[in-house]
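Peer 1: Can you read through this structure? Questions will come right after.
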Amino acid sequence: MSDIIFIKQFVAEKKLDIPLSILECFKFEYNIGAKNVAVIDDFFIPKDYRRKGIGTQLYTYWESLLPKHIQVVGVFAGDPIGEGNTDQFWMKSGFKYMYTTTYLDELDYISRHSMFKGVNGFETPETEYISLDSDD
């Protein structure tokens with residue numbers, strides 16, 4: 001779900017001075033599926049608005065509006081579009097690493113980190129380590 005209306009509501013409520021033309025560049029797409037999990041598909045803050053707390057406030061605001069049955073939020077972090085690694089942002093927001101995937105995109109390898117966070121009073125799931133050498 002892409003929610004520009006939600007972003008506009010957030011900006012109005014926080015009384016942020018962000019022109020509508022720039023606001024259209026913000027992205028926050030998510031999917032609430034699999035019973036108790038919400039997945040953030042896309043979260044983009046334009047460069048001129050980064051490191052000002054806007055992303056953290058936007059995420060926190062969104063999390064506070066999640067339905068009470070949602071127990072976990074997931075996100076793929078990393079640097080998939082060359083805009084800088086997002087791991088630190090998500091870690092600061094309480095997310096933990098679950099696993100890393102690496103894939104070939106055109107001529108370069110891209111790593112994305114799956115990160116999860118428990119919400120609505122639920123604990124963050126523990127990371128499971130699976131050995132490929134194990135007979136289990």
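Peer 1: Are any residues in segment 93-133 at pLDDT below 80, of a type in the set (D, E, K, R) and touching a strand residue (DSSP E or B) at 6+ places or on another chain (Cβ under 6 Å), and if so, which ones?
Peer 2: ARG112
Peer 1: Taking only pairs six or more apart or across chains, which ones have beta-carbon atoms under 7 Å, a first residue in segment 36-49 that is on the phi > 0 side of the Ramachandran plot and among the hydroxyl-bearing types (Ser, Thr, Tyr), and a second residue that is exposed (fewer than 15 other Cβ atoms within 10 Å of the Cβ) and not in a strand (DSSP E or B)?
Peer 2: Once the first residue is on the phi > 0 side of the Ramachandran plot and among the hydroxyl-bearing types (Ser, Thr, Tyr) and sits in segment 36-49, no partner that is exposed (fewer than 15 other Cβ atoms within 10 Å of the Cβ) and not in a strand (DSSP E or B) comes close enough.
Peer 1: Hey, any hits in segment 7-28 for a residue that's part of a strand (DSSP E or B), exposed (fewer than 14 other Cβ atoms within 10 Å of the Cβ) and at pLDDT below 80?
Peer 2: The answer is no; no qualifying residue exists.
Peer 1: Sticking with this one: Out of segment 29-40, which residues are exposed (fewer than 14 other Cβ atoms within 10 Å of the Cβ) and either farther than 30 Å from HIS69 by Cα or modelled with pLDDT of 65 or more (or both)?
Peer 2: If the condition is that a residue be exposed (fewer than 14 other Cβ atoms within 10 Å of the Cβ) and either farther than 30 Å from HIS69 by Cα or modelled with pLDDT of 65 or more (or both), then ASN31, LYS35 are the ones that fit.
Peer 1: Looking at the structure I just gave you, is ASP87 modelled with pLDDT of 80 or more, under 15 Å from the mean Cα position of the chain (by Cα), surrounded by 13 or more Cβ atoms within 10 Å (Cβ to Cβ) and at negative phi?
Peer 2: Judged against the criteria, ASP87 is a match.
The values are calculated or read from the model by the stated rules, or taken from the named source; none is laboratory data. Here the structure is a predicted model, which is why all the values come from computation and not from measurement. Heads up, the Cβs are rebuilt from the backbone with ideal geometry, glycines too, and the neighbour counts pull from every protein chain shown.
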